[in-house]
Amino acid sequence: MKDPYKILGVEKNSDPELIKAKYQELHDVYSEQRFRSGAEGNEGARKLQELEEAWALISMDLQHDTVNDNTTGNLSTVDELIRQGKYNEAQDILDSIQDRNGEWHYMQSIIFYKREWLTDSKTQLEMALREDPGNAKYRTSLDKLNLAMGGAQSQSSQQNQNQYQNQNQNGGQYNGQPYNDYGGQNPQDMSNCLSTCCCAYCLTDCLCNMMRCC
């Protein structure tokens, strides 16, 4: 089949309203011509069929472009809501989008990140890269997230090791008192826990600023 846009006599990047108007114009012409007698009527019927086949393909293109435009607009709204800290509203819009491309997964990763669900955020970034492997923004964000997660895990692992050593050295007591007197944790454990949480929070806040600058 010939290029459907050439059948209508328009360019592919023409305004959708112009394309629709051209289709309707030709449709009216060929619809009238097909009722004429002889070869002219046959030619009109043939051209009308060709026009309808071309329009079916063009309509699919126009519909796809409309979906893409709507998706882009919705993702821009999601981005603005995230910047405002309205994560629930941003999530509702994301859930309503059917075309889940790389940018959709990237936005989802940011929402998960803001909620401090780092593993889920990483998964979404990996999915974004699968959709668009050459996207530098997605790759940089994933590298930074991996770095931050690795740093937080290393800090937590070191604190756990220190706690274990302290417990062995003190025979399960802290300053001569059982751990149970502190609700199952000694003050040193609680201090270590607070230090780990602060470290993880700082890493999270730092990475968040870096991701939004990509």
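The values are calculated or read from the model by the stated rules, or taken from the named source; none is laboratory data. Just so it is clear, the structure is predicted and the values come from calculations on it, not from any experiment. Ideal geometry is used to build each Cβ from the backbone, glycine not excepted, and the neighbour counts take in all protein chains shown. Heavy atoms of the whole protein, side chains included, go into the accessibility calculation; ligands, DNA and RNA do not. Shrake-Rupley method; radii C 1.70, N 1.55, O 1.52, S 1.80 Å.
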Top-ranked residue of the stretch 77-89 - restricted to ones that are assigned to a helix (DSSP H, G or I) and open to solvent by less than 70 Å² (accessible area, probe 1.4 Å), ranked as farthest from Ser121 (Cα to Cα): Thr77
Which of the residues that make up the stretch 133-162 are modelled with pLDDT under 90 and either in contact with a Cys (Cβ under 9 Å, 6 or more places away or on another chain) or of a type in the set (Asp, Glu) (or both)? Ala148, Gly151, Ala152, Gln155, Ser156, Gln159
Which one is modelled with the lowest pLDDT, of the residues in the stretch 71-111 that are within 27 Å of Arg139 (Cβ to Cβ) and of a type in the set (Lys, Arg)? Arg100
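Could you run through the stretch 90-119 and say how many residues are over 12 Å from the mean Cα position of the chain (by Cα) and surrounded by 15 or more Cβ atoms within 10 Å (Cβ to Cβ)? Working first, answer last.
First pass over the stretch 90-119, keeping only residues over 12 Å from the mean Cα position of the chain (by Cα): 92, 96, 113-119.
Then drop every residue that is not surrounded by 15 or more Cβ atoms within 10 Å (Cβ to Cβ), which leaves 113-114, 118.
Number satisfying all stated conditions: 3.
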So which of Asn68, Asn13 ends up being at pLDDT below 90, within 30 Å of Arg100 (Cα to Cα) and surrounded by 12 or more Cβ atoms within 10 Å (Cβ to Cβ)? Asn68
